[in-house]
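What follows is a structure written as structure tokens; I'll ask about it next.
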Amino acid sequence: MAESPIHGEGVTVRTLFERNSFALDYYQREYTWTRHEVGTLIDDLSQRFLSQWNPLHERDEVSRYVPYFLGPYVYHEGEGRTFLVDGQQRVTTLHLVLIYLRQLLLDQEKWIYADELEGLTYTARHGRRSFKVGSTEELARAQLLNALVTDWNGLKGFTMPEDIHVSVRNLHDRSREIDGEFPEELRGEALVPFVRWLLDRVCLVGIRALDQENGREIFVSMNDRGLRLSHVDLLKGHLFRRVDPQTRERLGRSWADMLARLTTAEADSPEANTPSAYVRSFLLAQYAHLDAASTDAADIGRAVHEWILRNEVQLGLDRPAGAREFIHRLTHLSERYCLLLRAGQEFRPDLAAVYFNGYHGIDNQFTLLLSVASPEDSDQVFVQKCSMVSTFLDLVYVRRCVNNLPVQRRDLDEIVHRLIPVLRICRTVDDVATVLGRETSLLEHDFRELTSFGLRANNRRLVRYLLSRMTAHVQHACEGGEHEYEFLRGARDYEIEHIWANRFERHKDSVKTTAEFYLRRNRLGALLLLPKSVNASFRDDPYERKIEHYYAENRLAASLHPKSRLRNTPFTHYLRDSGLDKAFQPCPEFGVREIERRQQLYRLLCEEIWSPSRLGFRLPVIELPPEPPSARRHYGVELLDLIREGLISPNSKIFRTVRGEIHFATVEEGGTIRVEATGQAYHSLSAAGAAVAGTKACAGWDVWRIEHGGAAVPLKRLREEAINRGLP
């Protein structure tokens, strides 16, 4: 039998980048992956790894973890490079992820593993880097990748030109979002095992084309011919065979109109992956069982038409009238789904929180919003319902963030799936307000931890959001007209301003170390939001000069100036009406005391902005006790276990050293770690360790120590002792 001239071979991620330096052929499309697709990839990889990982596993056990298949890629070889024919979206994203993981490994001082990833992402010759994935716009792409390798956070040396190539702009945007999507669980001691698993247990299949022309033919064949029926096409075939011929033509036009509007919406909101995403969201929102015992969510995500077939009797699709009603509901609500997609991309005041959730990448909001949708609702009622529900999600997101809790999509899925059945039966706006009022009263966390909150390596986007909301709130209360969008993404290009210039020597009388200086300087109360052009002009000026500039800017910044109340009736009326007169103290000087005072002001502003009653939620007359916290993913012994075993006492002091300076923290009775310098609380050793070091990742059990038996002992040692006692 003749051997096929086109060969395929399975490769690991390590082999993929060890063997190849990739280039893109002329017929390849641009790099177009969106936040949704990058987030899905990271979520799939992390879920597969974390479902198997235990911190007690030895290295050889990790090497036997179940592998993950990423799919095929097609290539041909020539001129010393590997030309990608198909699969560049995944390969390019993997390349970005490896660059990011190298940064996390450097943060943890895992030099050997970081060097290993360096060799997989680029080669260096004569002081220049040659990256493993290149393209026709090589210079701009190389400049961005060089900036990511050198300084992932600040991108030093890279400025985004207005006319930059679309692929490079997408690379830039996705690099910013990888940090937000990467799970907290993988930033600690799971980081190195995850990297090993990713390199050696995640696989692809490479299909080698004969040459460039053969590669082009394969590309065209894979992307233009023999297109398989989608899940939506299969669903249509099943539904329409139940409908009588007299109404089939009319419903067919409605179906075609639905696909047309969803396809148009896809261009504006690619994260939604319509129309398949709409059908999945519709079924989850309107029909699925979402309790812990149900597999509906997974089954719908896998194949919607198969789920419909299994549940057609319960859905009433076994009779013509039921099929007609289902098609009518599906096609009608698609108009409102598209309205929500647009609101997630283009700010409109009556659906502001839909835009904010889109800014945060909370794309599962659309499923939750569809749960309150009814064909009988007027447009006004529908918008009011969705405004409330999206505002509740925004409230949950912000509260979790300021309490240093993870906020990836899967962390919100539990809330979304729990709320859908309850909201599904709400008929009026008042019904929705009552449900959300009850849910708000049950939330475990509030804004108290905001008094110690600050800017860190991995929360700049959130800090900018909080400052935007506070700045817009005060501005609107005093003058009206300004919306949050203007400060978040408006034409003037606002950025975070540090009130303390980056000059430690100016504050030696009030802070003892450079570490304490940076912690104070980055506190939320020491930050403002100013136009980029204004901020750049006086960045290093002393405070007495800066305050004059602040006086000419937005009301929140101007409130620092002693003259801010003089002949300023709108501002003084706002202070009187809000009850914030004492909190808005002018600051002729700005030291540690003023930062703390300002921090308290910002907490009060957030409580006002996200006040449940202001948001329209109907709180229960009798406050319900909070539900017990949901079970956290448990991979072994936690700090709370050490306290219960008597290995450490509640309120014990722990410490770690960063660049020669010692940082102290307290382990509170519930296992929370509170950093001494800032008073900020964290729910994991890794998060606390990263915060004091100013990094994105930290192996917390390794770096934190405690005085035990007269010696400084790593907490990892005490965990091992707990394990020897039979835990977990």
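We did not get these values from a lab; they are worked out from the coordinates using the rules stated. Since this is a predicted model, take the numbers as computed values, not measurements. Here Cβ is always computed from backbone atoms with ideal geometry, including for glycine, and neighbour counts include all displayed protein chains.
What is the distance in Å between the Cα centroid of the range 32-61 and that of the range 100-171?
Their Cα centres are 22 Å away from one another.
First measure r as the distance between the Cβ atoms of Lys532 and Lys508, then evaluate 1/(1 + (r/R0)^6) with R0 = 25 Å and state the FRET efficiency to the nearest 0.05. Present the calculation step by step, with values, prior to reporting the outcome.
Working: r = 30 Å, r/R0 = 1.21.
The pair Lys532/Lys508 has a calculated efficiency of 0.25.
Next question. Once the dipole of the chain is set up with Lys and Arg at +1 and Asp and Glu at -1 on Cβ about the Cα centre, which of Ala285, Gly10, Gln380 lies farthest towards its positive end?
Value computed over the given set: Gln380.
Please compute the length gained on full extension between Arg253 and Asp581, using 0.36 nm multiplied by the number of residues separating them and subtracting their Cα-Cα distance. It would help to have the intermediate numbers written out before the result.
Working: separation 328, 0.36 × 328 = 118.08 nm, distance 6.05 nm.
Result for the pair: 112.0 nm of gain on full extension.
So, by mean Cβ neighbours within 10 angstrom, what's the order for 63-69, 546-552 with the highest one leading?
Values: 63-69: 13.0, 546-552: 17.7.
Put in order of decreasing packing, that is 546-552, 63-69.
Moving on to the next point. Mind giving me the nanometre distance, one decimal, between the label points for Glu30 and Arg241, set 7 Å out from Cα along Cα→Cβ?
Here the answer is 4.3 nm between the modelled labels.
With the crude spin-label approximation of a point 7 Å out along Cα→Cβ, what separation in nm comes out for Arg64 versus Leu640?
Between Arg64 and Leu640, the label points sit 3.2 nm apart.
Let me ask something additional. Using mean Cβ contacts within 10 Å as the protection proxy, how do 80-93, 649-662 order, highest first?
Working: 80-93: 20.6, 649-662: 14.2.
Going from most to least packed, we get 80-93, 649-662.
Sticking with this structure for a sec: For Glu676 and Asp541, FRET efficiency with R0 = 45 Å and r from the beta-carbon atoms, rounded to 0.05?
On the way: r = 31 Å, r/R0 = 0.69.
Efficiency, rounded to the nearest 0.05: 0.90.
Turning to a different aspect of this structure: Over the chain, what relative contact order in percent results from Cα pairs under 8 Å that are six or more residues apart?
Values: 992 pairs, mean separation 90.0, N = 728.
Computed value for the chain: 12 percent relative contact order.
Tell me the Kirkwood hydrodynamic radius of the chain in angstroms, computed as one over the mean inverse distance between distinct C-alpha pairs.
Numbers: mean 1/r = 0.0353 Å⁻¹.
After inverting the pairwise mean of 1/r, the radius is 28.4 Å.
May I have the extent of the alpha carbons of the range 7-224 along their three principal axes, as whole Å values ordered from largest to smallest?
51, 42, 36
Could you point to the residue in Thr569, Gln88, Gly188 farthest towards the positive end of the chain's charge dipole, with +1 and -1 charges on the Cβ of Lys/Arg and Asp/Glu respectively?
Going by the Cα projections, it comes out as Thr569.
What whole number of Å gives the distance from the Cα centroid of the range 319-336 to the Cα centroid of the range 511-541?
55 Å
Any chance you could check the Cα centroid distance between the range 381-460 and the range 179-214 for me, in angstrom?
33 Å
Moving on to the next point. Can you pull the Rg over Rh of the range 639-724, Cα-only, Kirkwood?
Values: Rg = 11.9 Å, Rh = 12.8 Å.
Using only Cα positions, Rg/Rh for the range 639-724 is 0.93.
A further question on this structure: Tell me, in nm to one decimal, what length is gained between Val11 and Ile496 on full extension, where the rule is 0.36 nm per residue of separation less the Cα-Cα distance?
Working: separation 485, 0.36 × 485 = 174.60 nm, distance 4.43 nm.
This chain segment gains 170.2 nm when fully extended.
Next question, about the same structure. In the neighborhood of Arg539, defined by Cβ-to-Cβ distances under 13 Å, what is the net charge if each Lys or Arg adds +1 and each Asp or Glu adds -1? It would help to have the intermediate numbers written out before the result.
Working: positive: Arg503, Arg521, Lys532, Arg545, Lys546; negative: Glu495, Glu497, Asp540, Asp541.
Local net charge: +1.
Gain in length, Val313 to Arg461, computed as 0.36 nm per residue apart minus the alpha-carbon separation, to one decimal in nm?
Values: separation 148, 0.36 × 148 = 53.28 nm, distance 4.71 nm.
Going from the current span to full extension adds 48.6 nm.
Another question, if that's okay. List the GluC sites (Glu not before Pro) within the range 364-450 that DSSP assigns to loop and that have no more than 11 neighbouring Cβ atoms inside 10 Å.
Numbers: sites: Glu376, Glu414, Glu439, Glu444, Glu449; in loops: Glu376, Glu444.
Passing both the DSSP loop test and the Cβ count: Glu376.
Describe numerically, in nm with one decimal, the distance between label points set 7 Å from Cα along Cα→Cβ at Glu720 and at Arg128.
The modelled label-to-label distance comes out at 4.9 nm.
Still on this structure: Hand me the tally of lysine pairs in the chain: alpha carbons under 18 angstrom apart, and the pair either on different chains or 8 or more positions apart. It would help to have the intermediate numbers written out before the result.
Values: Lys110/Lys696; Lys110/Lys716; Lys156/Lys532; Lys156/Lys696; Lys532/Lys546; Lys546/Lys563; Lys563/Lys582; Lys653/Lys716.
Qualifying lysine pairs in the chain: 8.
By DSSP, what percent of the beta bridges with both residues in the chain are antiparallel, rounded to the nearest 5? Before the final figure, lay out the partial values.
Working: 38 of 48 bridges.
Here the share of antiparallel DSSP bridges comes out near 80 percent.
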